[in-house]
Amino acid sequence: MKASIVGATGYGGLELIRLLRHHPHLEIASLHTSSRFGRKIHEESPHLLHMEYTLEEIVPEEIAKKADIVFLATPSGVSAQLAPDFYKLGVKVIDLSGDLRLKNPGDYEKWYKHSPAPSEILEEAEYGLSEWNAHNIKSAKIVANPGCYPTATLLGLAPLYTEKWATGQDVIVDAKSGLSGAGKSPSAATHYSEINENFKIYKVHAHQHVPEIEQQLGLWNVDSQPISFSTHLVPMTRGIMATMYVKLRRHTSTQELIDLYKTVYENNPFVRVQPMNSFPCTKQVYGSNFCDIGIAFDERTNKATIVSVIDNLMKGAAGQAVQNANIIMGADETAGLLNIPLYP
């Protein structure tokens with residue numbers, strides 16, 4: 001299957017190039033950008049010096065002649081305009097932005113401050129949380145790839161919600177991200193002098209991933225209530241750690257929780273559950289499509305503490321997008337993705 005990447009010079013697009021270059025079933029058909037077309041990809045990204053792809057304009061009709069599937073690695077507000085064109089042209093779409101994730105257009109306008117995609121497109125889009133929606137992704141024409149924070153959070157919470165162990169009330173999610181999650185465009189907040197040896201909270205009660213997480217939790221558990229969600233920037237390039245505190249309906253033990261998670265995820269090769277008294281760090285998933293989860297039960301509070309880590313550019317973006325493409329093609333979902341994490 002041939003694939004085109006729109007937004008090829010951003011971090012998500014560059015990661016897609018890396019993954020598709022040697023993918024057994026996907027071939028790069030073309031690379032597209034909104035402003036730097038005509039240049040070689042290696043002129044924008046010297047680490048791709050051995051690649052001769054020329055960056056092209058974003059013209060859906062021309063892309064449709066080359067590609068069976070298109071990855072939209074574009075900023076918020078762009079995919080909402082492009083996805084309808086590709087849909088009409090019969091090209092399958094995997095969107096890495098937040099434009100197609102929220103089913104309620106009003107929620108999108110409120111949290112993203114852009115005009116939403118047409119209702120037809122929002123209804124058509126399948127949420128691309130691979131481990132939990134593969135049966136719908138398989139036949140999808142449009143996939144809304146989850147955000148990085150939602151991926152780490154939802155994979156961490158899913159067993160407790162789907163198995164009805166969580167009360168759905170007073171859930172706290174304390175999340176930290178490396179700087180690449182903020183995108184490639186420079187800003188004062190991500191300037192070296194501002195973030196080096198620093199650690200700061202941002203978008204307090206205002207992060208756009210809140211409604212995405214709550215939308216999915218509500219589908220899993222009708223008793224689900226709004227969550228408390230905080231996000232922080234840490235001075236590292238890649239990685240997300242989400243620490244979740246969840247009130248349970250019943251008394252349990254750490255071992256019982258670990259057994260639950262291992263049972264739920266036993267057929268999901270990208271989710272790795274830590275053994276007793278072991279918690280994951282971001283370094284152990286660096287450059288990979290794994291989500292590693294550690295669990296503990298607090299007898300004093302009857303709450304579970306769940307720690308979930310991912311690489312935000314891989315499982316949180318390009319890696320999961322390729323996983324979804326594998327599902328669409330009917331290929332093994334691990335195709336091109338079972339690389340060992342980079343360490344140290």
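The values are calculated or read from the model by the stated rules, or taken from the named source; none is laboratory data. Model, not experiment: these values are computed from the prediction. For neighbour counting, all protein chains shown are included, and Cβ atoms are generated from backbone atoms with ideal geometry for every residue, glycine included.
Assorted remarks:
- For segment 209-242, a residue qualifies if it is polar (S, T, N, Q), surrounded by fewer than 20 Cβ atoms within 10 Å (Cβ to Cβ) and within 25 Å of Thr167 (Cα to Cα), and the qualifying residues are Gln215, Asn221, Gln225, Ser228, Ser230.
- Residue within segment 257-275 that is over 28 Å from Thr334 (Cα atoms), surrounded by fewer than 17 Cβ atoms within 10 Å (Cβ to Cβ) and out of contact with any strand residue (DSSP E or B) (no Cβ under 6 Å at 6 or more places or on another chain) present: no
- Just so you know, in segment 298-338 the residues that are assigned to a loop (DSSP other than H, G, I, E, B) and surrounded by 16 or more Cβ atoms within 10 Å (Cβ to Cβ) include one that is farthest from the chain's Cα centre (by Cα), and it is Ala331.
- None of Tyr112, Tyr161, Tyr149 is under 17 Å from the mean Cα position of the chain (by Cα), within 30 Å of Lys262 (Cα to Cα) and among the hydroxyl-bearing types (Ser, Thr, Tyr) except Tyr149.
- Condition met for Arg272 (within 30 Å of Leu342 (Cβ to Cβ), part of a strand (DSSP E or B), basic (Lys, Arg) and at pLDDT 95 or above): yes
- Scanning segment 160-184 for residues that are within 30 Å of Leu14 (Cα to Cα) and of a type in the set (Lys, Arg) gives Lys176, Lys184.
- Residue count, segment 318-344 (criterion: touching a helix residue (DSSP H, G or I) at 6+ places or on another chain (Cβ under 8 Å) and closer than 12 Å to Asn289 by Cβ): 13
- Residue pairs meeting the criteria (Cβ under 9 Å; at least 6 apart or on separate chains; first over 14 Å from Tyr11 (Cβ atoms) and in contact (Cβ under 8 Å) with a residue 12 or more places away in the chain, in segment 316-328; second among the hydroxyl-bearing types (Ser, Thr, Tyr) and part of a helix (DSSP H, G or I)): Gln320/Ser130; Gln320/Thr151; Gln323/Ser130; Asn324/Ser130; Asn326/Ser130; Ile327/Ser130
- Residue match in segment 136-144 (condition: of a type outside the set (S, T, N, Q) and either assigned to a helix (DSSP H, G or I) or on the phi > 0 side of the Ramachandran plot (or both)): yes
- Condition check for Glu197: surrounded by fewer than 22 Cβ atoms within 10 Å (Cβ to Cβ) and assigned to a helix (DSSP H, G or I): no
- Among the residues of segment 70-88, those identified as surrounded by fewer than 22 Cβ atoms within 10 Å (Cβ to Cβ) and over 13 Å from Ile121 (Cβ atoms) are Pro75, Ser76, Gly77, Val78.
- One residue stands out among those in segment 210-228 that are in contact with a Ser or Thr (Cβ under 8 Å, 6 or more places away or on another chain) and in contact (Cβ under 8 Å) with a residue 24 or more places away in the chain: the one that is nearest to Tyr108 (Cα to Cα), which is Ile213.
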